[in-house]
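Computed from the coordinates by the stated procedures, all read-outs in this text should not be read as laboratory data. All values reported here derive from a predicted model rather than from experimental measurement. Backbone-built Cβ (ideal geometry, glycine too); neighbour counts: all protein chains shown.
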Amino acid sequence: MQKPAQFQMQAASDRPTAKLSGDWTTNLLEGIGAELGRELRGRKDVTLDLSGVRRMDTAGAFAVIRAVGPDFNLDQVVARPEAKRLLELVDNAHRVEPVVVRQPQGFHQMLIRIGKGVVDLREEFLSTMGFIGHLLVVVGRSAVNLVVAPRKIRWAPTFVQMEQAGLDAIPIVALTTFFIGAVVALLGVNMLQQFGAEVFSVELIGVAVLREFNIVITAVLLSGRSASAFAAELGSMKMNQEVDAMTVMGVDPFEALVLPRFVALLITIPLLTFVATLAGLLGGLMVTWSVLDLGPTFFLQRIVDNVGATHFWVALSKAPVMAAVVAGIGCRQGLMVGGDVESLGRRVTAAVVHSVFSVIMIDAAFALFYMQLDI
């Protein structure tokens with residue numbers, strides 16, 4: 001049975017004594033330490049009799065030491081050896097002076113931050129190369145299984161991811177590119193009317209939508225939609241140790257989790273690009289029809305004659321690269337989640353930011369490449 005911490009002052013002819021009893025533990029201290037401190041204030045020659053204390057933890061020991069004050073000495077304590085040892089440990093820890101670490105300032109701080117950035121960049125590069133290598137091995141193994149043993153392919157999760165990343169994304173992709181096409185048409189009409197060449201806004205719409213906006217808008221939307229979903233799903237599995245459990249059972253997480261998402265985006269991005277192309281052209285058609293009174297037949301004929309399908313194939317050639325980047329970044333950030341919710345939030349945010357940045361950078365690289373080829 002637990003007994004609350006108590007003490008009793010006993011006057012003596014030579015030296016007063018504070019006799020402690022009960023359990024001096026965290027949940028039974030209450031305010032007894034402060035009361036003992038008030039009784040011992042101003043007294044130096046006081047003996048602490050702890051022979052009646054049944055149990056004592058570090059909180060109780062610290063309460064005794066704080067009540068005595070800076071003049072605490074083990075010579076004034078009467079207690080069992082284990083209690084004395086505990087008091088000695090707590091007293092030594094209490095007397096340790098805090099170490100003040102001076103942070104570098106100015107130029108030295110800048111050098112340290114640059115050095116840490118270089119080291120982090122190196123670690124990020126090595127981790128990315130490891131992820132890409134593991135993914136390529138899994139893709140190669142699955143390609144062999146597709147011919148040799150198709151039953152080993154995880155078809156069900158692949159189709160589920162195709163539905164979530166592809167079919168469910170059609171409304172937002174179509175609506176966004178529709179308004180993008182309409183905005184491009186309005187800008188083209190307003191600018192070209194000054195030169196009496198507003199009819200050429202049809203070519204502007206065709207090139208802008210067929211070559212750039214269809215694939216870029218699709219990839220950016222999937223970066224915010226699918227990359228974040230991949231990172232959140234895999235990150236929550238990593239936090240719940242489901243990924244570790246799969247590894248223990250002999251299941252490769254890349255084959256079970258990463259590959260279905262990778263293949264799903266690889267298949268659905270070209271289809272979504274086609275939907276975005278139709279929606280963007282429809283938005284431009286609606287504007288030119290209502291503002292310039294150019295009918296659908298005239299609009300489509302000028303697209304076919306003066307724009308052609310080459311721009312669409314140029315955009316479609318970017319789709320596999322965009323799919324690989326978006327799926328890879330989302331899955332990699334998800335697998336890098338730690339054991340806390342803060343890490344999950346950071347990785348999901350990083351997945352979206354890195355995906356969008358990579359999409360814009362890859363599109364710029366493709367633009368320069370095709371410009372050199374004069375396509």
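By the Cα gyration tensor, the chain has an equivalent ellipsoid whose semi-axes, rounded to whole angstrom, run 73, 26, 20 from largest to smallest. The fewest-to-most ranking of His134, His108 by surrounding Cβ atoms within 10 Å reads His108, His134.
Backbone phi angles across region 17-26, fed through the Karplus curve with coefficients 6.51, -1.76 and 1.60 (θ = phi - 60°), yield HN-Hα couplings of 10, 9, 9, 9, 8, x, 9, 8, 10, 4 Hz in residue order; Gly and Pro are listed as x. Placing a pseudo-label 7 Å from each Cα along the Cα-to-Cβ vector at Ala367 and Phe200 gives an inter-label distance of 2.0 nm. Each label point was placed 7 Å from the Cα along the Cα-to-Cβ direction; for Met286 and Gln8 their separation is 9.1 nm. Computed from phi, the 3J(HN,Hα) profile of region 296-305 under the Karplus parametrisation 6.51, -1.76, 1.60 (θ = phi - 60°) reads x, 5, 4, 4, 5, 5, 5, 4, 5, 6 Hz, with x in place of Gly and Pro.
Ordering of 243-251, 24-32 by packing is 24-32, 243-251, highest average first (other Cβ atoms within 10 Å, averaged per residue).
Principal-axis analysis of the Cα atoms of the chain puts helix 107-148 at an angle of about 60° to the longest axis. Quick check: the distance between the Cα centres of region 278-295 and region 226-259, to the nearest angstrom? For region 278-295 versus region 226-259, the Cα centre distance is 46 Å. Annotation: peptides 182-189, 339-346, ranked by per-residue average of other Cβ atoms within 10 Å with the highest first, follow the order 182-189, 339-346. Which stretch or stretches of region 315-337 have amide N atoms under 16 Å from the point lying 7 Å from Met246's Cα along the Cα→Cβ direction? Those under the cut-off are 327-337.
Fewest-first ordering of Asp23, Asp45 by other beta carbons within 10 Å of each residue's beta carbon gives Asp45, Asp23. Per q in 0.13, 0.19, 0.21, 0.22 1/Å, what log10 I(q)/I(0) does a Debye calculation on the alpha-carbon atoms of region 6-95 return? Values, matching the q order: -0.36, -0.80, -1.01, -1.12. When the Cα positions of Gln164, Ala232, Ser201 are compared along the charge dipole of the chain, Ala232 comes out farthest toward the positive end, with charges on each C-beta of Lys, Arg, Asp and Glu. Label positions at Asp45 and Val160, each projected 7 Å from the Cα along the C-beta direction, are separated by 8.1 nm.
Within the listed set Gln164, Gln193, Gln103, the Gaussian network model of the chain (springs between alpha-carbon atoms below 10 Å) gives the highest mean-square fluctuation for Gln103.
Look at Val139, Val160, Val173 and count the other Cβ atoms within 10 Å of each Cβ; fewest to most, that gives Val160, Val139, Val173.
For region 133-249, the average shadow cast by the Cα convex hull is 10.8 nm², which is a quarter of the hull's surface. A simple rule links phi to the HN-Hα coupling: the Karplus curve 6.51 cos²θ - 1.76 cosθ + 1.60 with θ = phi - 60°, which for region 207-221 gives 5, 5, 7, 5, 9, 10, 5, 5, 6, 5, 5, 4, 5, 5, 5 Hz, with x for Gly and Pro. Computed packing ranks the peptides 316-328, 213-225 as 213-225, 316-328, most packed first, by mean other Cβ atoms within 10 Å.
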